[in-house]
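Structure, as structure tokens:
Readers should treat all values here as calculations from the given coordinates under stated rules, not as data from a laboratory. What you see is a predicted model; the values in this text were computed from it and never measured. Glycine gets a Cβ as well: all are built from the backbone with ideal geometry, and neighbour counts include every protein chain shown.
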Amino acid sequence: MIALVIPTFENNIGFKLAALNTYLKHKPDNVDVYFLYGGTGKGNQILPCDINNDIKYFDAYVEVPDRITLFHRKLYKFFRVFKNKLKKYSHIIKIDDDTFISNIDTINLDKLTGDYCGNVVKVTDKNEQQIRNRLIHLKHYKVRETYTGSLPEQYCSGECYILSQKALQKLISYRGTKKRVDFGIEDIYTGYMLKSQGFNTTQCSLIKYEHPVQMEKFNKFYSDYYLNNKN
């Protein structure tokens with residue numbers, strides 16, 4: 001079994017509906033989908049949902065303020081609070097909500113080598129400042145601060161990466177400061193924490209995807225990859 005975890009926000013519901021109405025229609029039975037929300041007042045809970053008794057998925061809530069700078073805390077608390085439920089999955093695929101997976105119907109992680117896999121980003125003198133300013137460029141979230149913390153030598157870009165159950169357990173058991181700070185960049189922290197525990201990044205192309213995708217483009221990609229290719 002595989003868990004596809006899609007952290008999102010209440011005001012991003014358009015991306016959720018776009019995913020459910022396009023590529024998620026073709027997810028295999030061994031893939032469970034979790035849309036992950038933060039916020040306060042709803043507690044920590046997982047709610048089973050479906051669309052017309054057809055596409056089944058889960059809405060997951062954790063008690064973390066739902067800000068882009070606390071995105072990392074939302075994800076890690078989900079992993080920790082629901083660790084027993086997540087034990088049944090061999091792998092966790094984490095994607096951003098504005099990512100379109102173009103081969104979800106044929107993904108085969110049996111061919112996967114490595115515990116932490118995705119599009120590997122190497123931090124260099126040339127790209128370091130751009131990485132530190134990344135949240136500033138997300139105008140929708142109105143972040144004005146530059147990230148000034150430590151960086152790993154490399155990490156898997158957050159739009160889509162894969163964790164083995166072994167890597168997931170190491171993230172859950174990590175006891176350093178990265179999980180608790182109030183300004184972080186999630187994929188950088190994930191790379192930092194796993195590297196500190198002996199996990200290397202592995203370049204992986206088993207999952208084909210488009211990112212970032214504007215909401216109105218989901219239908220176009222759906223036609224290109226799932227409908228037209230079936231003829």
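If you wrap the tightest convex hull around every Cα atom of the chain and split its volume per residue, you get 131 Å³. If the limit is 23 Å between Cα atoms, which of 77/195; 74/217; 27/142; 42/88; 88/217; 16/122 go over it? Over 23 Å Cα-Cα: 74/217; 27/142; 42/88; 88/217; 16/122. For residue 91, which sequence-distant residues (separation of 5 or more, or a different chain) have an amide H within less than 5 Å of its own amide H, given hydrogens modelled in the peptide plane? Counting only residues 5 or more places away or on other chains, the set is 3. The trypsin sites (Lys or Arg not before Pro) found in segment 202-231 that occupy coil by DSSP, while having at most 15 further C-beta atoms within 10 Å, are 208. If R0 is 35 Å, the Cβ-Cβ spacing of residue 157 and residue 50 corresponds to a FRET efficiency of close to 0.65. Net charge in the neighbourhood of residue 4 (other residues with Cβ under 11 Å of its Cβ; Lys, Arg +1, Asp, Glu -1) is +1. The Kirkwood radius of segment 1-110, taken over pairs of alpha-carbon atoms, gives through the Stokes-Einstein law at 20 °C and 1.002 mPa s a diffusion coefficient of 150 µm² s⁻¹.
Give the relative contact order (percent, whole number) for segment 140-194; include only Cα pairs under 8 Å separated by 6+ residues. It comes to 55 percent, rounded to a whole number. Would you tally the net charge around residue 219, using a Cβ to Cβ cut-off of less than 13 Å, leaving residue 219 out, and scoring K and R as +1, D and E as -1? Residues near residue 219 contribute 0 overall.
Take the Cα of residue 172, step 7 Å along the line toward its Cβ, and report every residue of segment 75-100 whose backbone nitrogen sits under 17 Å from that point. 75-94, by backbone N distance to the label point. Structural descriptor for the chain: relative contact order 25 percent, calculated from alpha carbon pairs under 8 angstrom and at least 6 residues apart. Annotation note: trypsin sites (Lys or Arg not before Pro) in segment 50-150 located in DSSP loop regions with a Cβ neighbour count of at most 12 within 10 Å are 87, 88, 126, 142, 144. Net charge within 10 Å of residue 199 by Cβ-Cβ distance, Lys/Arg positive one each and Asp/Glu negative one each, not counting residue 199 itself? In short, +2.
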